[in-house]
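As structure tokens, the structure follows; a few thoughts come after it.
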Amino acid sequence: MGRRRAVQDARRDREFEAFVAGAAGRLLHAATLLTAEPPSGNPRARRLLTLSLAHTYACWDRLRGEDPYDRARQYLATRFSRAAWHQYGGPAALGRARGRAEGPLARLSPQERLILVLRLYEGVAEEQTAALLGLPRERVHAICDRATATLLHPPRDPAPSVLGAKAVSP
């Protein structure tokens, strides 16, 4: 029986290595977008990816026809969501943006980044995103629209004031 188990373990390891070879790059990019880190320096994203892949490996034998990429992506999203919740403290946590983020989605709050990455980058349906995050579908739609508008129409800098100019009275 030990020989059969060793063969099964070796097969599982090969399957998981093939999965990681195909999916790790895309998952790392998604994690980098979520953490709003620059692609060249993304330790938080790499940690998220490592935790997600470790969780997927631990569940590998129980997947039974389920897509391992979906499982890894779900864990990545929930882990990011929980970390943002604890980092910023409480229900308002997901609405606050990181101060030192530099990535392309840095202007967005963690919740906006999460929904935008799931909906637009990963192509997850609105209903699935809502179920994953425990939000109403309409709320997911509104947050995605707001995040997209924020990225497409960045805030303008205030007009420079003219020094020494005084209001002219008619």
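The values are calculated or read from the model by the stated rules, or taken from the named source; none is laboratory data. Predicted, not measured: the structure shown is a model, and the values here were computed from it. Backbone-built Cβ (ideal geometry, glycine too); neighbour counts: all protein chains shown. Remember, those area values only see protein heavy atoms, side chains included, never the ligands or the DNA or RNA. Shrake-Rupley method; radii C 1.70, N 1.55, O 1.52, S 1.80 Å.
I'd like to check something: does region 17-39 contain any residue that is open to solvent by 30 Å² or more (accessible area, probe 1.4 Å), hydrophobic (A, V, I, L, M, F, W, C) and either in contact with an Asp or Glu (Cβ under 6 Å, 6 or more places away or on another chain) or farther than 27 Å from G103 by Cβ (or both)? Looking through region 17-39, at least one residue is open to solvent by 30 Å² or more (accessible area, probe 1.4 Å), hydrophobic (A, V, I, L, M, F, W, C) and either in contact with an Asp or Glu (Cβ under 6 Å, 6 or more places away or on another chain) or farther than 27 Å from G103 by Cβ (or both).
Within region 44-73, the set of residues being part of a helix (DSSP H, G or I) and of a type in the set (K, R) comprises R44, R46, R47, R62, R71, R73.
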